[in-house]
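Please read the structure below before turning to the comments.
FYI, it's all coordinate maths here, none of it is from the lab. Nothing here was measured: the structure is a model prediction, and the numbers come from that model. Cβ placement follows ideal geometry from the backbone for every residue including glycine, while neighbour counts extend to all protein chains displayed.
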Amino acid sequence: MSETETAPATTGASDRTIEITTRPRDVGEDARSMHIEDPVIEAQGLGVHYGHFRAVRDVTMKFGKNEITALIGPSGCGKSTVLRCFNRMNDLIPSARVEGNVIYNDTDIYAEDIDPVEVRRKVGMVFQKPNPFPKSIFDNVAWGAKINGFKGSKGELSNLVERALGQAALWEEVKDKLNESGYSLSGGQQQRLCIARAIATNPDVVLMDEPASALDPIATLRIEELMHELKDDYSIIIVTHNMQQAARVSDRTAFFSVDVNDSGMRTGRLVEYGFTDKIFTTPEHEETEHYITGRFG
Amino acid sequence: MTATAPEKTEPQNLYPTDDEFVALLNRRSRKSFLAQSGFLLALIIAVLALFTLLYTVINDAFGLVAIVNAQDPETVVAEFGLDPDTTTLGDLDKDQLVGLLQGAVSSGVGRRLEREERFYPDRLVFESQEKWDEICASGEPPEGCTGGVRNQADVLALVRERVVQPDVIASNDLVPSLLDRQGFEQSVLEAFETSPQRFGDYTVDQVRFEWRAWLNLDFIRSPQNSTPELAGIRTAILGSTYLVLITMLFAIPVGVGAAVYLVEFARPSRLNEFIQTNIYNLAGVPSVIYGMLGLAVLVRTFEPLTSGSLFLGEGAASNGRTILSGGITLGLLILPVVIISAQEALKAVPNSLRQAGLGLGATRWQTVRSQVLPVALPGILTGGILAVARAIGETAPLIVVGAAGFITSDPTGPFSNYTAMPIQIFQWTSLPQEEFRNIAAAAILVLLILLLTLNATAVIFRNRFSRRA
Amino acid sequence: MVDQRTHFHAELEGLEQSIHEIGDRAYDMIQMAIQALIDDDMDLARQVRASDQVIDQMYLDVHNRWINLIARQQPMGADLRLMSVLLHMNVTLERTGDQAVNIAKMAELCHGLPGSDRIGQQIQEMGHLVRPMLRTAIESFIRRDAAEARLLPAMDEPVDRINMGMYREVVALGTDPEMLEWATHTMMAARALERIGDQAVDVGEQVVYLVTGELLDFNEEALDERGSES
């Protein structure tokens, strides 16, 4: 890889000692940090602790604008934890402690003077299980705008709702029943409603935490199709358990793995980050190779 | 293959043979049946207990009575030229009833009644105008000068009390009355023959046997009275109503607020854990101890506040034993239960809803107000109503904080003295006359109906909201 | 490390095994076809044709199994590369078999014609060069040895040279029409052997891709090297 960035030699030097996995072919930092011009989000030495337990360590990576980046890896590798760092959702877990920096808009979102509420408006989130509010379809989409101080008139709010539902490819299906409960929709429609809700607040980045894992295959494909369309307006970071899904939708893929230390503590780390076609055909790192070919455990 | 190859052994079948299995299955089925029977028995015991309670109460609240009237209502009605078969005392108008009173009571009693409450807004019945003006101008004018006017029902009650003067000389329970009416009548008549001195001036001819529902409209409408035939539960119902209102106004906002803080805002810490544990402990504290708390703090320490003297000045109650004290005491009593049930309702709201709200850039309070509370509301209300239902039935703390055992005047506001239904029931059951047992049973029925209504409301709330969500 | 896809990997291994067998069979057929041509042995020529029918059968079987695996198992990474290589090798080795049949056909056409010892020797020589190439290609595939596979372009050069020189040899034979007919057919056989050498190089390219993920064109590489030398 000619376009990789060499990370400072100091990073991770002390962490090497607790690595116990065999690494016959060490690819170093090259395979982990991609050089991306003008990234939308950048993680620098990101780590998360839950109490005394270290969930993820030393994640340094950049996320491209108007790209879909997939985070994959085995259970417990910390990919969801990393995702939740980008809109400070980890703050909701009382014992969670985040180290390192997350740069968004030239600012460290973990700086003292940053209110997480401010971050979450610009970095929206779609969750694993569709979780519409127990309100009408219209209110589901309009609520985010209202609480964030949307200044427009009633008509403008309606336009916003229509636009968001349209972007989420749901408008045609719900335009005649905007006053019905969000729960009256099918699972796939509910998830698209949640996507509409997330983009109605006009974010830059949409985080998706296994957005299709609770859906049937057809609904899954619709969500994936939708992601391709949303890419033009938003940067998307998706966590998925489904390798094929990551392969289908993403531009870049980051593979996380998990180390188990002597006392059974599991710590996730970024193993390899690269263009999706490369990761799924010729990964640089043997751990990635083993994971995507099903030889792990 | 070498000689050292491990010998391959068939794994031994450790399961029973088919015949053994059938026998075993029978034994297992028998055990299952025994367990089931045991549980059914427990249910039967519970149902029997409940049934017995209802039986006793209803048995006492209805039945035959032997009654002696100073003046039979039929006679009175007939004097007005009305048909005693189709008309009752209640059909007479107010003027006729006042006339009856005038004829029956002494002028002294009449004046006292008038000073308690006037009969007409524009004219006086027993008192002369000059005298009335004089006493009303005095330093301590009686209530009649400022209070309202007796209506027809009030006068009717007075006529019953002063004119008809019913005296139940014997009463019988519902079931024996139905099964053996003759026996009861016989026993009363025999009692007249064997020991007439028990009945004073009454003669056998005056005795009338009547069916009496102790729980009737008069009972609900009338105030407390020392004569069981005339005593009613209106004062207690009003007292309980005021109490419940104050209890709800205090316990539900405070309890829900505390629960919202603990569930939605508090971060886990030693202090919060300690508070949580103590809320559970407080829910188990005997109610009489809350009475002690109310007495020490509300009645005594905060007397100026609870007696109302801070707001009303001289016109206030003489001490802190007011509805406000009682209501807040009951509120404190149910507070832990309200907090716990509200916490449960809030915890039952899926976390995904909070994450969705926060993920959109809402503050915690925006999320709680718009998404969490609406979903938790039916649960919170159900818990609150059930807790309030418990407060209605509480007796011990009210006795301690000084609910009046005998009071005839209706409460007029939070600073009135008061009595409550369970207090009234408790007081009646402790009196010697047998007829008080009957009206206590009637009062219990009223209380039960009230509680069932509240519980039904809670159920309706829960169903209505849970269907919507 | 636990293999989470034992079933798939067993099938994949079976597929590779079949490719090895096709390769072995094609390897044997080359020798038989050359022998048939040199010794004018029609029996051997028939055996070559029969063997090719077996290869065609195996080729179809491999193709069906391959399609099945793709449809049902969605291989990724090294598995995906192996699948790609197997498909390619299946086609290449089937054609190698076809080329052996072409040589056998030439042997049948040459039946009873007078031949030239010198040209026969050159054909023999080509056989001695091409068969080790195919062996090397298949062995490097089995051992996943990219370095060994990279030797193949160099091994192919003498084969090309002999093939190129074949024309001059034929012209030098003179004007006997029967001898010329024999020589023309034999030239075709040489051409077939040259193709087999190219196919071995193709397999080598696939082996390098399988191991490194880089798909190279050895011929161009060889050209580059030659360019840099001059």
At most 16 other Cβ atoms within 10 Å and a DSSP loop assignment: could you name the chymotrypsin sites (Phe, Trp or Tyr not before Pro) in region B:1-92 that fit? B:PHE80
In whole Å, what three semi-axes, largest first, describe the equivalent ellipsoid of region C:1-131 built from its Cα gyration tensor (square root of 5 times each eigenvalue)? 38, 14, 10
Listed with the fewest Cβ neighbours within 10 Å leading, A:LYS151, A:LYS231 appear as A:LYS151, A:LYS231
Let me make sure I get this right: for region C:168-218, a, b and c are the square roots of the gyration tensor eigenvalues over alpha carbons, sorted descending. Under 1.5 in a/c it's rounded, otherwise prolate if a/b > b/c, else oblate. Which is it? prolate
State, to one decimal in nm, how far the label point of B:THR408 lies from the label point of B:ASN278, with both points 7 Å from Cα in the Cβ direction. 4.8 nm
Extent of region A:215-266 along each principal axis, from alpha carbon coordinates, in Å, largest to smallest? 46, 25, 14
Over region B:65-214, what relative contact order in percent results from Cα pairs under 8 Å that are six or more residues apart? 39 percent
Between A:ASP277 and A:ASN202, with labels modelled 7 Å along Cα→Cβ, what's the label distance in nm to one decimal, could you check? 3.6 nm
Net charge near B:PRO176, counting Lys/Arg +1 and Asp/Glu -1 over other residues with Cβ under 15 Å of its Cβ? -2
Sort A:THR267, A:THR253, A:THR220, B:THR75 so the one with the fewest other Cβ atoms within 10 Å of its own Cβ comes first. B:THR75, A:THR220, A:THR267, A:THR253
Of the options A:GLY144, A:LEU165, A:LEU178, report the single residue whose Cα projects farthest towards the positive end of the charge dipole of region A:138-203 (beta-carbon charges: Lys, Arg +1; Asp, Glu -1). A:GLY144
Chain A: most fluctuating residue of A:TYR110, A:TYR234, A:TYR183 per GNM, C-alpha cutoff 10 Å: A:TYR183
Could you tell me the relative contact order of chain A? Use alpha-carbon pairs under 8 Å, at least six residues apart, and round to a whole percent. 26 percent
I'd like the antiparallel share, as a percent to the nearest 5, of DSSP beta bridges with both residues in the protein assembly as shown. 65 percent
Say each of B:SER430 and B:PHE33 gets a label point 7 Å from the Cα, pointing the same way as Cα to Cβ; how far apart are those two points in nm? 5.4 nm
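Count the net charge of all other residues whose Cβ sits under 12 Å from the Cβ of B:ASP60, scoring Lys and Arg as +1 and Asp and Glu as -1.
-1
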Among A:PHE138, A:PHE255, A:PHE53, determine the one that fluctuates most according to a GNM of chain A built with springs between C-alpha atoms less than 10 Å apart. A:PHE53
Rounded to two decimals, what is the ratio between the C-alpha radius of gyration of region A:15-292 and 2.2 N^0.38 Å? 1.03
Rounded, prolate or oblate for region B:65-214? Axes are the square roots of the Cα gyration tensor eigenvalues, ordered a ≥ b ≥ c, and the cut-off for rounded is a/c under 1.5. prolate
Proximal charge balance of A:VAL102 [Cβ under 10 Å; K/R count +1, D/E count -1]: -1
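Of chain A, which part is the longest with no GluC sites (Glu not before Pro) in a loop (DSSP not H, G, I, E, B) and with at most 10 other C-beta atoms within 10 angstrom?
A:113-297
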For B:LEU373, B:LEU381, order by how many other beta-carbon atoms lie within 10 Å, fewest first: B:LEU373, B:LEU381
So what's the Cα pair-distance distribution over the protein assembly as shown, bin width 20 Å, in %? 10, 22, 22, 19, 13, 8, 5, 2, 0
Take region A:140-238, drop everything but the C-alpha atoms, weight them equally and run the Debye formula without solvent; then report log10 I(q)/I(0) at 0.14, 0.17, 0.18 Å⁻¹ to two decimals. -0.50, -0.74, -0.83
Compute the whole-percent fraction of alpha carbon pairs in region C:6-229 spaced more than 24 Å apart. 47 percent
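Relative contact order for region B:260-390 using alpha-carbon pairs under 8 Å, separation at least 6, rounded to a whole percent?
It rounds to 26 percent for region B:260-390.
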Could you work out which residue, out of A:ASP139, A:ASP232, A:ASP209, moves most in a Gaussian network model of chain A, that is, has the largest mean-square fluctuation with Cα springs under 10 Å? A:ASP232
Considering the dipole of chain B built from charges on the beta carbon (Lys and Arg +1, Asp and Glu -1) around the Cα centre, which of B:GLY200, B:SER409, B:LEU448 is farthest to its positive end? B:LEU448
Once you have a ≥ b ≥ c as the square roots of the Cα gyration tensor eigenvalues for region B:234-468, tell me rounded if a/c is under 1.5, and otherwise prolate or oblate according to whether a/b is larger than b/c. prolate
Size descriptor, Kirkwood hydrodynamic radius, that averages inverse alpha-carbon separations across chain B, Å: 27.7 Å
Using 1/(1 + (r/R0)^6) with R0 = 51 angstrom and r between the beta carbons of B:ARG208 and B:SER138, what's the FRET efficiency to the nearest 0.05? 0.65
Exposed trypsin sites (Lys or Arg not before Pro) being those in a DSSP loop with at most 12 other Cβ atoms within 10 Å, the longest stretch of chain B free of them is B:124-469
Volume of the Cα convex hull of region A:76-231, divided per residue and given in Å³: 132 Å³
